[in-house]
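This report refers to the structure that appears directly beneath it.
The values are calculated or read from the model by the stated rules, or taken from the named source; none is laboratory data. Since we're looking at a predicted model, the values are computed, not measured. Neighbour counts are summed over all protein chains in view; Cβ atoms, including those assigned to glycine, are modelled from backbone coordinates with ideal geometry.
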Amino acid sequence: MTATTTDFVVIGGGIAGISVAALLSEHASVTVLEAESHTGYHSTGRSAAQYIRNYGNATLRQLNDLAYPTLSGELTGESVLSARGQLLLVLHNECDATINSYLAGASGVEKISATQACDIVPVIKPATFDFAFYESDAADIDVDQLLQGYTRELKQNNGSLVTHSRVDTLARDGDGWRVYCGDNIYSCANVINAAGAWADAVAGMAGVSPVGLTPMRRSAQIFDIEDQSGTFDRWPLFGTLAETWYALPTAGRLMLSPADEDPVEPRDAWPEDEILAGALDRFEQMVDLNPGRPVHSWAGLRTFAPDRSPVVGLDPTANGFYWLAGQGGYGIQTAPATAMLLATQCLDQQLQHNDAESSDRLSAALSPARFR
Ligand SMILES: Cc1cc2nc3c(=O)[nH]c(=O)nc-3n(C[C@H](O)[C@H](O)[C@H](O)COP(=O)(O)OP(=O)(O)OC[C@H]3O[C@@H](n4cnc5c(N)ncnc54)[C@H](O)[C@@H]3O)c2cc1C
């Protein structure tokens, strides 16, 4: 039995836990506990790795904007983004609500004709959709570089990262917490719950009510492509505005996702053949490209709160218990922003990148208090 004392225990070594741990470690002692053998094993290592400014509801779009300076290297001098673009095809009879919610508050989006869309991705069948939206500043994120950058920062500041450490119990310890991991006990003033799909279960271990998270499976498959056009590697991410499928060309291979959102229990997710086959069918109806058989497939969990905004902040019912969860399909691109918001709250500082009033509004929109 070993006992360790630290200011913060962060539960979960995905991008959420590692990013906030790195920022906190500049000012406090921090230990990250990760159940698996390495960081990023679950959702973080299974994403499509995209930065899309206009993806998600209004709260998420604020986070996307707030995260951009870090991702693009304006703050650190080291960008993790590379140009990609996104082309969204608007189907015949697309409902106005879908179009309006995408356009509300959108920036940098261009409406283009079906012919213009086919100039960008020549294999799309022009008769299968009405028009398209093109978002030129959508970008690929180097997720590994982002995760390793935060890990380096954590270690340089003497923070610890302990893998193979599944938290099994949490108990109140005076004003703080005791966190149990097998034979190891961590005493700390503050716990940060960054356990991804398991965040409600971790709250339960601490006697804190869940916020109502739903892990949703999203799958993807990879195909080898023989490029007839010579332009394949320059195609943007393309798919339907209604999210019935999307495709992403990368180095001679095409990633195709059914854009599925099936609620599942927290687990090591895997794809189902029927769902993958359905995506291929919908893709081939709209795209003149026969990718053949997939060479690889996988699935991961996108975990949503009931209002689909992340849950970031102190739980009003439990001293020293902070949430950093419910990032849905946006957790990589928003990580620098949610980490900064939570770290400033934990350290009781003002957020410098926004005026105080809008920062308060954003914090309220993210706070777990909205479910209490
Ligand atoms: C197919 C797919 C495509 C996606 N595409 C994008 C995209 O293009 N852009 C984007 O921004 N986002 C995307 N996402 C979403 C993004 O991947 C997630 O929002 C993000 O990775 C969530 O990070 P996290 O750290 O919260 O979760 P995770 O990476 O799942 O980390 C949580 C960690 O907590 C650990 N843990 C759980 N319970 C315990 C415990 N009791 N003790 C110790 N450790 C524990 C787990 O082992 C896990 O490693 C996508 C997701 C999927 C599945």
Considering every residue within segment 168-176, establish whether at least one is surrounded by fewer than 19 Cβ atoms within 10 Å (Cβ to Cβ), in contact (Cβ under 8 Å) with a residue 40 or more places away in the chain and touching a Leu at 6+ places or on another chain (Cβ under 7 Å). no
Looking at segment 170-177, is at least one residue closer than 30 Å to T59 by Cβ and within 16 Å of the ligand (Cβ to nearest atom)? yes
Testing G278 on (1) within 16 Å of the ligand (Cβ to nearest atom); (2) touching a residue at least 40 places away in the same chain (Cβ under 8 Å), one condition comes back false. Which one is that? (2)
Return the pair list, or none, for Cβ contacts closer than 7 Å from residues in segment 147-166 that are over 21 Å from V179 (Cα atoms) to residues that are among the aliphatic types (A, V, I, L, M), at least 6 apart or on different chains. L147/I15; L147/I18; Y150/I18; Y150/A22; T151/I18; T151/L161; E153/A22
Filter segment 247-282 down to residues that are in a strand (DSSP E or B) and under 9 Å from S219 (Cα atoms), then give me how many there are. 2
Step by step: first the residues of segment 317-338, then only those that are away from the ligand (no atom under 13 Å from the Cβ) and part of a strand (DSSP E or B), then the one that is nearest to A299 (Cα to Cα). Which residue is that? Y322
Expected single match for closer than 30 Å to A195 by Cα, within 16 Å of the ligand (Cβ to nearest atom) and either in the same structural domain as V208 (by TED's automatic domain parsing) or surrounded by 13 or more Cβ atoms within 10 Å (Cβ to Cβ) (or both) among L314, L248 is L248
Condition set among the acidic types (D, E) and touching a residue at least 40 places away in the same chain (Cβ under 8 Å), scope segment 71-110, selection surrounded by the most Cβ atoms within 10 Å (Cβ to Cβ): answer is E94
Of all residues in segment 344-364, which are part of a helix (DSSP H, G or I) and either at pLDDT below 85 or acidic (D, E) (or both)? A356, E357, S358, S359, D360
So which residues in segment 215-236 are charged (D, E, K, R), touching a residue at least 60 places away in the same chain (Cβ under 8 Å) and more than 9 Å from the ligand (Cβ to nearest atom), if there are any at all? D224
What number of residues within segment 133-159 satisfy the criterion of being more than 26 Å from S82 (Cβ to Cβ) and either of a type in the set (D, E) or crowded, with 18+ Cβ neighbours inside 10 Å (or both)? 1
Residue check: is V123 crowded, with 19+ Cβ neighbours inside 10 Å and either farther than 22 Å from A194 by Cα or of a type in the set (A, V, I, L, M) (or both)? no
Hey, could you check segment 15-39 for residues that are touching a Lys or Arg at 6+ places or on another chain (Cβ under 9 Å) and more than 6 Å from the ligand (Cβ to nearest atom) and say which is nearest to N100 (Cα to Cα)? A22
Pull up segment 293-308, narrow it to residues that are surrounded by fewer than 22 Cβ atoms within 10 Å (Cβ to Cβ) and in a loop (DSSP other than H, G, I, E, B), then point me to the one that is nearest to the ligand (Cβ to nearest atom). R308
Look at G212 and say whether it is at positive phi and either more than 8 Å from the ligand (Cβ to nearest atom) or outside the structural domain of V10 (by TED's automatic domain parsing) (or both). yes
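Residue-by-condition table, conditions (1) under 30 Å from F131 (Cβ atoms); (2) part of a loop (DSSP other than H, G, I, E, B):
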site	(1), (2)
V208	no, yes
G212	no, yes
A220	yes, no
S229	yes, yes
A242	yes, yes
Can you find a residue that is farther than 30 Å from V264 by Cα, more than 12 Å from the ligand (Cβ to nearest atom) and in contact with a Leu (Cβ under 6 Å, 6 or more places away or on another chain) anywhere in segment 56-72? yes
